[in-house]
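Here is the structure we will look at, set down as structure tokens.
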């Protein structure tokens, strides 16, 4: 079960670590937060900057997808904050223009 994985436990621990973060302070500390935590796919904007997340949160979510053997998990890496600011995804490919790839295993 997914909630028995080490990735799930790491995410649960991380949630406790960031539970006191205030979004207003996050935006003050990081003026590029919207650019780092949003993605456009055609006419659709995915804005997750207004959630209590960090770069570590995103990495832990990708780890969870990997441990869950979620098919196509690699496209999730396109949502990581390292993604170029203002990137416009190609709607005919995976978000962020990532090429479709096989899950490990």
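The values are calculated or read from the model by the stated rules, or taken from the named source; none is laboratory data. A quick note: this is a predicted structure, and the numbers were derived from the prediction, not measured. Ideal geometry is used to build each Cβ from the backbone, glycine not excepted, and the neighbour counts take in all protein chains shown.
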Quick check on my filter: what residues within the stretch 1-55 are without any contact (Cβ under 8 Å) to a residue 12 or more places away in the chain, assigned to a strand (DSSP E or B) and under 20 Å from residue 65 (Cα atoms)?
38
Here are 19, 101: which of them is modelled with pLDDT under 90, more than 11 Å from the chain's Cα centre (by Cα) and either exposed (fewer than 13 other Cβ atoms within 10 Å of the Cβ) or on the phi < 0 side of the Ramachandran plot (or both)?
101
Matching residues, the stretch 56-73, being part of a helix (DSSP H, G or I) and touching a residue at least 40 places away in the same chain (Cβ under 8 Å):
56, 57, 60, 61, 63, 64, 66, 67
Residues of the stretch 65-92 that turn out to be under 11 Å from the mean Cα position of the chain (by Cα) and modelled with pLDDT of 80 or more, as a count:
1
